[in-house]
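Right, one structure below, let's go through it.
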Amino acid sequence: MYSKEVERILLKVQKPGRYVGGELNSVIKDKKDIDVRFAFCFPDVYEVGMSHLGMKILYSQFNTVPYIWCERVFAPWIDMEELMIERNIPLYGLESGDPITDFDFIGFTLQYELSYTNVLNMLKLAKIPIKSKDRPELKNIVVAGGPCACNPEPLAEFIDIFFIGEGEEVDLEVIELYRKFRAENKSKKEFLIAASQIQGVYVPALYNVEYNNDGTIKSFTPEEGAPAKITKRLMMNLDEVFYPDNFVVPTIEIIHDRAVEEIFRGCIRGCRFCQAGFLYRPVREKSVATIDKQCRELCKNTGYDEVSLSSLSSSDYSRVVELLTQLNKWSNEEKVSISLPSLRVDGFTDDIMSKIKTVRKSGLTFAPEAGSQRLRNVINKNVFEDELLQTCDTAFGGGWSKVKLYFMIGLPTETLDDVAEIAALGQKVVDTYYRNPNKQKGRAVSVTVSASSFVPKPFTPFQWEPQDTIPQLHEKQQHLKKSITTKKITYNYHEADTSFLEAVFARGDRKLCKVMEIACQNGFHFDGWDDCFSLDAWMKLFEQCGIDTAFYANRRRSFDELLPWDHIDYGVTKEFLISECKKAYEAATTPNCRQKCSNCGVGKWKGGICVEKRQSMV
Amino acid sequence: MRNVRVWFKKEGTAKYISHLDLNRNMLRIIHMAKLPIWYTEGFNPHPFITFALPLSLGFSGLRESMDFKLLDDEMDLNEVKDRLNKCLPGGITVYDVTEQVMKPARITYALFNLKLSCDTVNTDELYEKVRELFAMDEIMMDKKSKAGIKEVDLKENICKFDIKNCESYVNIDVILPAGSMTNVNPKLIVDALKKFFDIEADFEIVRVDIYNENVESFV
Ligand code: SF4
């Protein structure tokens, strides 16, 4: 429950419902029974954070432990932030309303690089020193996990502990260790050293980095017995892993307001630009029976009338038709609709189409990512033009008339001709509509072509690639715009500026900590929001700190360079990534994990798809 | 099929649920409570519910109501109450479920309770200023509506009032026009203090009751 001081400002801000808690299924505990308090911080606004599945899982799981009370904290939007600063109100937990300084753990989930300034800003609003070394006591331990923790270096001076990989087990092991060490009056240093021995824990303060004259890394040395390689944690049996039977149900509208059921982790595909596709290997599926049971529980305990079956590529679930058939047995009667996001072009069959209704509302979305077949081979996006057109044809015949196509520009080896082919592909989709005899009478087709800018990410085969410069990206955007000649196609593109900053952070090293620190002092926040982001302001800051951004974003790195994240191990070997990168230059594709194992390295854990029998593929 | 009226309180954290969000939440809650109620027909069927009188964001309400058609004629209304209470967010409690006696169109007035306090002036002074305000011949205020900004005389709209000095705050009970014809927001009293006396008061506003044209409680 928020304080009286907060109550007095709530009617002065937009959407006060963001700041009050009290939602159905939010967890209130008696402080007397609690040993460890965990502030789960999402470095973005409530509506974004509450839509995030990982937070829901860990919130529920932590709160099933009787001695832990986990609360939610979101970044206050700028109007609220201003009033909180003006009235000296520190950042607080939504459940208790207590200031964050009262918490043992302050945990951040790092979903996108542009939220880094919000991480630091939230610490500042909580009146907690942002640098790890300025928090000498065994309390307010700042931890972070999530996909961006795969290159933790730009935040190395601020975070005490990074969790590498999936959090379900390792988080609790660290909490338990903390509880024990606190009871024994041990120091924070002793705690961190002991924690570093747990698999999946990275304590950046225990590593010393030296640089070469050209700014690249010379050596990376562990101290105090910390491991030289930090290996990710992962859960092998998803039928046994904890999954919440309820979600906190927001009263204000959020981005994804529905029940979400995770159906598998990982992705069989291996698209070469996709970080998640490599970080979460191998594919591990939940059984149909588990998914069915969990979906029913979630609907019962939340009242949602929509369940979204979530994964990186839901139509790749091996028994998708069986699953939908099972869910339809009760969902129709209970007035619950099932949605299948992230559909692949080849996953949209008549059978699936008849079993999911909700797609109709929003239109169909596909991500060919590149316009030409050559470039799709480069990125290993095994989607073919005739498949895409065939699928669109099926959909048009089934009553759809809206299609959204997602592309990336600035991909390695891309030429202006490849860019023009994006427009050509859009045109072919339009033509397919007009050729279809069964299309909705009297309705015009609407094709949206969205182009984002490619950002090279760690742990992908493109981790060595330069990003196109902003002027290069602008040129390609304009070229695409010129190449579209029909009004039936709507063209959207993302600002190249934010992709550039993302590229700097994504492959940054510890030298960026200084910039982060000053950014925080200067009040930078919400870089992911147009309202706040300013590339000019960032460029001034980089200059002031003597940082050459091109070194991080636009430089081709050599295969033998020691990369800032080379001490982190997600199972996929560097040799595999190098061979994938070389294959990309030859426009050669790699079969997906279900067709054939390509020995990426993850097989050493002997689980998931790596040990499944493969049927001979058609 | 039976027309029922669900009576609930909306306070605490629920004060910050807007009317639009309340409607959305109630649809989900009814679905969750598995109440046999009448759904709209058509492409996207949903439970058909209506609210007697929307409540402004930030106000508490002690006699809020929502109407729907219950398909099961035998169902005990206490059970309707219990099932809903299990599904509601913090701050909303259903305290009664009844027949629909009056039509919502008859709502004409509402009784509000305001508690005012201020950092810059003490309660005694605030109390004097409030009394002064209510004693003015006219209190012309800008009122925002869909049609734009319009001047209203708050004074002539105040049907009945009572002001008390309660040491730490000033207590005002006031009846104002409410309903589909005219609505006067009690927040205008707070705004008037700012306009005429430059006092920025903190306020808590509760809608205590809702009345028909004869100032009888809406039932
Ligand atoms: S080891 Fe083989 S099957 Fe397993 S994730 Fe790697 S490529 Fe796929």
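The values are calculated or read from the model by the stated rules, or taken from the named source; none is laboratory data. Please read these numbers as outputs of a predicted model, since none were measured by experiment. When we count neighbours, we look across all protein chains shown, and the Cβ atoms used for this are built from the backbone with ideal geometry, even at glycine. Side chains are part of the model used for accessible areas, which takes the heavy atoms of the whole protein and leaves out ligands, DNA and RNA. Shrake-Rupley method; radii C 1.70, N 1.55, O 1.52, S 1.80 Å.
Things to note:
- Helix B:123-135 and the longest principal axis of the Cα set of chain B meet at an angle near 80°.
- Average accessible surface area per residue within the protein assembly as shown, 1.4 Å rolling probe, Å²: 41
- Average partner coverage of A:1-12, which counts Cβ from other chains inside 10 Å: 3
- Shielding by partners - mean other protein chain Cβ count within 10 Å, residues of B:25-38: 3
- Average beta carbon contacts from partner chains per residue of A:24-30, 10 Å cutoff: 2
- Chymotrypsin sites (Phe, Trp or Tyr not before Pro) restricted to DSSP loop in the stretch A:24-95 with at most 13 other C-beta within 10 Å: A:67
- Placing R0 at 51 angstrom, the Cβ-Cβ distance between residue B:219 and residue A:35 gives a FRET efficiency of 0.50 after rounding to 0.05.
- Across A:56/B:15; A:514/A:574; B:115/B:160; B:143/B:194; B:143/B:187, pairs whose alpha-carbon gap is larger than 22 Å: A:56/B:15; A:514/A:574
- DSSP assigns beta bridges within the protein assembly as shown; of those with both partners inside it, close to 55 percent run antiparallel.
- Ligands, DNA and RNA excluded, the heavy atoms of residue A:53 present near 30 Å² of accessible surface to a 1.4 Å solvent probe.
- Low-density loop positions, GluC sites (Glu not before Pro), the stretch A:208-243 - DSSP coil, at most 11 other Cβ in 10 Å: A:240
- Under the simplified labelling scheme, the residue B:44-residue A:219 pair shows an inter-label distance of 6.3 nm, with each label point 7 Å from Cα along Cα→Cβ.
- A 1.4 Å probe over all protein chains sorts B:176, B:20 by accessible area into B:20, B:176, starting with the largest.
- Here chain A is scanned for trypsin sites (Lys or Arg not before Pro) in DSSP loops (not H, G, I, E, B) that have at most 10 other Cβ atoms within 10 Å, and the longest stretch holding none of them is A:1-228.
- A DSSP coil position with no more than 13 other Cβ atoms inside 10 Å describes the following GluC sites (Glu not before Pro) in the stretch A:532-617: A:586.
- Too-long pairs where the Cα-Cα distance tops 26 Å, listed order kept, from A:286/A:596; A:402/B:34; A:300/B:103: A:402/B:34; A:300/B:103
- The angle between the Cα long axis of helix B:187-197 and the main principal axis of chain B comes to about 10°, on a 0 to 90 degree scale.
- Alpha-carbon centroid distance for the pair the stretch A:452-512 / the stretch A:25-66, whole angstrom: 35
- Distance between the pseudo-spin-label points of residue A:326 and residue A:614 (7 Å out from Cα toward the beta carbon): 2.6 nm.
- Cα centroids of the stretch B:51-121 and the stretch A:158-209: 50 Å apart.
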